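One structure is given here, and the rest of the page talks about it.
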Amino acid sequence: MKNFQGRTAVITGAGSGFGLELARLAAGRGMNVVLADIQTDALDKAAAEIEGLGSAVLAQRLDVAKSAEVEALGRLVAQRFGAPHLVFNNAGVGSGGLIWETTLADWDWVLGVNLMGVVHGVRVFTPMMLEAAAADPGYAGHIVNTASMAGLVNMPNMGVYNVSKHAVVALSETLYQDLRLVTDQIGASVLCPFFVPTGITASERNRPADAGADEKPTRSQLIGKAMSERAVGRGKVSAADVAGFVFEAIEADRFYVYSHPKALGSVQTRIEDIVTPRNPTDPFAARPDIGAELRAALRAP
């Protein structure tokens with residue numbers, strides 16, 4: 001996909017982080033922009049900004065975990081702009097803790113947003129895009145799903161998040177292959193960022209009451225959150241940088257999109273663990289101080 005002028009982008013999680021930064025870049029390329037987010041105040045602010053950049057904007061409060069809401073968004077997009085050309089299934093939440101301490105509400109919330117949000121986006125928008133491609137040989141589209149480096153490696157004390165992001169990588173790789181079977185006009189990518197400041201460490205702010213918002217976090221979850229916040233706070237790559245990487249990948253029809261390519265050494269080690277085979281390597285082998293700190297914190301009385 002090379003031409004963006006006058007095309008339409010659908011972006012979930014558009015009120016902050018990667019979603020907002022991608023919306024800014026889409027507006028700069030002359031796209032119509034559909035903004036969807038669960039946080040109304042952030043969504044309204046983003047809509048005003050993107051309209052101010054000259055884009056036609058459709059803003060919709062959306063809980064991506066709810067299939068009916070994503071289906072309704074699809075109908076609104078079709079009525080306003082027709083089939084989209086770029087779909088960024090980006091909304092996500094963060095949660096950690098020891099995996100046996102993860103409650104059913106935690107699993108439902110994290111998988112509902114991180115995995116089923118992507119499932120719903122693919123299920124709703126891909127058929128619209130395929131129909132547009134069949135009707136117009138000049139149509140070009142691209143779908144980008146946000147996973148994480150946690151979808152390629154398995155850091156401890158992050159179980160539910162790891163599971164959700166591994167599933168998004170698998171879904172996205174399958175989507176890429178399935179699209180290649182039926183069309184040359186629609187591409188797919190998976191975004192696997194590492195520690196980038198996006199607001200995801202404050203995900204609890206948008207956790208619905210019916211998703212266990214009143215549950216008290218466990219000690220391991222509090223420890224994991226504190227360490228994640230510190231790692232994100234030290235990040236040198238910005239959300240704006242990552243949004244730029246996404247557009248570069250779309251233009252190059254490149255599937256894997258990374259924010260920190262140097263982190264791929266951990267992925268290589270994991271693959272070697274699998275094919276050797278050998279037991280999983282200590283993920284903190286390169287930073288034993290971090291591993292020691294986590295173990296001490298979790299084992300403290």
inquiry  = Considering only region 246-266, I want to know if a residue exists there that is within 22 Å of Val113 (Cα to Cα) and part of a helix (DSSP H, G or I).
reply    = yes
Criterion: assigned to a helix (DSSP H, G or I), over 30 Å from Pro156 (Cβ atoms) and in contact (Cβ under 8 Å) with a residue 12 or more places away in the chain - qualifying residue of Ala59, Ala46, Ala68, Ala14 = Ala46
inquiry  = Considering only region 232-243, I want to know if a residue exists there that is surrounded by fewer than 17 Cβ atoms within 10 Å (Cβ to Cβ), in contact with a helix residue (DSSP H, G or I) (Cβ under 6 Å, 6 or more places away or on another chain), more than 17 Å from Asn154 (Cβ to Cβ) and not hydroxyl-bearing (Ser, Thr, Tyr).
reply    = yes
remark   = Within region 187-229, of all residues that are outside any loop (DSSP other than H, G, I, E, B) and of a type in the set (D, E, K, R), the one farthest from the chain's Cα centre (by Cα) is Arg219
ask   = Which one of the conditions (1) farther than 21 Å from Arg254 by Cα; (2) of a type in the set (D, E, K, R); (3) in a loop (DSSP other than H, G, I, E, B) does Asp184 fail to meet, given that it meets all the rest?
value = (1)
ask   = How do the pairs read when you match residues in region 145-171 that are within 13 Å of Tyr256 (Cβ to Cβ) with residues anywhere that are among the charged types (D, E, K, R), using Cβ under 9 Å and keeping only pairs 6 or more apart or on different chains?
value = Thr146/Lys165; Ala147/Lys165; Ser148/Lys165; Met149/Lys165; Gly151/Lys165; Leu152/Lys165; Leu152/Arg270
task = Within region 1-19, track down each residue that is of a type in the set (A, V, I, L, M) and more than 11 Å from Ala59 (Cα to Cα).
result = Met1, Ala9
request  = Considering only region 283-301, state which residues are surrounded by 12 or more Cβ atoms within 10 Å (Cβ to Cβ) and among the acidic types (Asp, Glu).
outcome  = Glu293
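So if I check each of Val232, Val237, which one is closer than 20 Å to Gly19 by Cβ and either in a loop (DSSP other than H, G, I, E, B) or touching a Cys at 6+ places or on another chain (Cβ under 6 Å) (or both)?
Working: Val232 fails: either in a loop (DSSP other than H, G, I, E, B) or touching a Cys at 6+ places or on another chain (Cβ under 6 Å) (or both).
None of the other options fit; the residue is Val237.
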ask   = If Gly291 passes every condition in (1) without any contact (Cβ under 8 Å) to a residue 60 or more places away in the chain; (2) more than 20 Å from Ala150 (Cα to Cα); (3) of a type in the set (Gly, Ala, Ser) but one, which one does it miss?
value = (2)
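No lab work stands behind these numbers, since they all come straight from the coordinates. It should be emphasised that the depicted structure is a prediction, and the values quoted were computed from it without experimental measurement. Because the Cβ atoms are built from the backbone with ideal geometry, glycine has one as well, and the counts that use them run over all protein chains shown.
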